[in-house]
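Asker: First the structure, then my questions, so here it is.
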Amino acid sequence: MSERDEYQAGVPCWIDNLVPDPKAAMRFYAELLGWDFAGPGPGDYHLARVRGRDVAGLGAQPSGVPAAWNTYVSVASAEEAARAVLSAGGTVMLEPFDALPAGRVAVIADPTGAVLGLWEPHDRAGAQLVNEPSAWTMSVLNTPDSEACAAFYRNVFGWESEPFGPMTLFRLPGCVTGEPQQPVPRDVVAVMLPADGESFWSVGFWVGDADAVAEKAPALGGSVVTPPFDAGGMRQAVVADPDGAAFLVTTAPRSQ
């Protein structure tokens, strides 16, 4: 399941990072994660690739706007999903607009303020490679109000929430994603963690060696937000790129 050609509605399908200087960001991620790039497209938007398949996007963001990794959920209709967001108590920050020929996009916020994208696919379904070194593996909602978030995402995307240790699993019944050997059910589409302060979505990547990535990031102009640590039998770290966009790296199971 690491190669993907389609995503059903309600499944996170794409991630990107909008930064003031995409060329500088591309140099950082090329050195840190080994990404190649294709583009640019409209908005100085570049496709990050691993083994010739799309794994993420890097594009231009107006100066002064904080850089951050964004997650997009596949939807059948951006307009209908935006209406569902409003009915569930969320906010539509950017009304649906065309990003042709790739698709149609909108930006929303849940009732706690966590920002998320909606993606109505046309030519681009989403990430073509997931769950292997240098590729996206999971997006995580960090929030102080898990109850409000659970209700919102159930009403908008049909996600069911299930406690799993200190975290909550978001499950989409009938969906088959992830990898056969993973320790959680294969209909898990995202994870929710308790957090103090503001709510936000974050992204995680599998890497060959989380310790090595954390050691290398500062030399490339990035930083280490959380030094390498062990959690649930996995080795992880949180690093940030030179623009301050943070992300989780986890030593991939097949690399351990």
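Asker: From largest to smallest, what semi-axes in whole angstrom does the range 12-121 give when each is the square root of 5 times an eigenvalue of its alpha carbon gyration tensor?
Answerer: Numbers: eigenvalues 136, 46, 29 Å².
Those come to 26, 15, 12 Å.
Asker: May I pose another question? For each of LEU100, LEU220, LEU248, count neighbouring Cβ atoms within 10 Å of the residue's Cβ, then give the residues from fewest to most. Intermediate results must be reported in sequence, preceding the final value.
Answerer: Values: LEU100 10, LEU220 16, LEU248 22.
Lowest to highest Cβ neighbour count: LEU100, LEU220, LEU248.
Asker: Additional query: Work out which trypsin sites (Lys or Arg not before Pro) in the chain are exposed loop sites (DSSP not H, G, I, E or B, at most 14 other Cβ within 10 Å) and give the longest gap free of them. Mind showing how you got there, number by number?
Answerer: Values: sites that count: ARG51, ARG186.
So the longest stretch without any such site is 52-185.
Asker: Right, next: Using just the helices of the chain, give the 222 nm mean residue ellipticity in deg cm²/dmol: DSSP H runs with n ≥ 4 each add -39,500 (n - 2.57), and the total is spread over all residues, rounded to 500.
Answerer: Calculated from helices alone, the mean residue ellipticity at 222 nm is -4500 deg cm²/dmol.
Asker: Another one. Can you give the net charge of the other residues whose Cβ lies under 15 Å from the Cβ of VAL19, counting K and R as +1 and D and E as -1? Numbers along the way, then the final one.
Answerer: Values: positive: LYS23, ARG27; negative: ASP16, ASP21, ASP44, ASP241, ASP243.
With Lys, Arg at +1 and Asp, Glu at -1, the neighbours total -3.
Asker: Given a Förster radius of 25 Å and the C-beta distance between ASP44 and GLU6 as r, what FRET efficiency does 1/(1 + (r/R0)^6) yield to the nearest 0.05?
Answerer: Numbers: r = 27 Å, r/R0 = 1.10.
So, using R0 = 25 Å, E works out to roughly 0.35.
Asker: Given the range 12-121, what percent of its DSSP beta bridges are antiparallel, to the nearest 5?
Answerer: Numbers: 27 of 34 bridges.
The antiparallel proportion sits near 80 percent.
Asker: Quick one: dipole size for the range 1-54, taken about the Cα centre, charges +1 on Lys/Arg Cβ and -1 on Asp/Glu Cβ, in debye to the nearest 20. Mind dumping the intermediate values first?
Answerer: Details: 6 positive and 9 negative charges, 25 e Å.
Charge dipole, the range 1-54, about its Cα centre: 120 debye, nearest 20.
Asker: Roughly speaking, what is the stretch gain from ASP211 to LEU193, that is 0.36 nm per residue apart minus the C-alpha to C-alpha distance, in nm to one decimal?
Answerer: Working: separation 18, 0.36 × 18 = 6.48 nm, distance 2.28 nm.
This chain segment gains 4.2 nm when fully extended.
Asker: Using a Förster distance of 30 angstrom, determine the FRET efficiency expected from the C-beta separation of LYS23 and LEU100, and round it to 0.05.
Answerer: On the way: r = 24 Å, r/R0 = 0.81.
It comes out at approximately 0.80.
Asker: Compute the Rg to Rh ratio over the range 136-255 from the alpha carbon atoms, using the Kirkwood formula for Rh, and round to two decimal places. Working shown, then result.
Answerer: Numbers: Rg = 15.1 Å, Rh = 15.3 Å.
Taking Rg over the Kirkwood Rh, I get 0.99.
Asker: While we're looking at this one, here's another question. Report, please, the projected area of the chain averaged over directions, based on the convex hull of its C-alpha atoms, in nm².
Answerer: Details: hull surface 49.3 nm².
Orientation-averaged projected area of the Cα hull: 12.3 nm².
Asker: OK, next. Tally the DSSP beta bridges in the range 136-255 and give the antiparallel ones as a percent, rounded to 5.
Answerer: Values: 26 of 34 bridges.
Once the DSSP bridges in the range 136-255 are tallied, antiparallel ones form about 75 percent.
Asker: Between ALA231 and ARG186, 0.36 nm times their residue separation minus their Cα-Cα distance comes to what?
Answerer: Using 0.36 nm per residue and subtracting the Cα-Cα distance, I get 14.2 nm.
Asker: How large is ³J(HN,Hα), in whole Hz, for each residue of the range 77-88 in order, when computed from phi with the Karplus curve 6.51 cos²θ - 1.76 cosθ + 1.60 and θ = phi - 60°, using x for Gly and Pro?
Answerer: Once rounded to whole Hz, the list reads 8, 5, 5, 5, 5, 4, 5, 5, 4, 5, 5, 8.
Asker: To check my understanding: the extent here is largest minus smallest coordinate of the Cα atoms along each principal axis. What are those three numbers for the range 1-69, in Å, largest first?
Answerer: Principal extents (Cα only, largest first): 36, 26, 21 Å.
Values quoted throughout were computed directly from the atomic coordinates according to the rules given, and no laboratory measurement underlies them. Here the structure is a predicted model, which means the values were calculated and not measured. All Cβ positions, glycine included, derive from the backbone under ideal geometry; neighbour counts span all protein chains shown.
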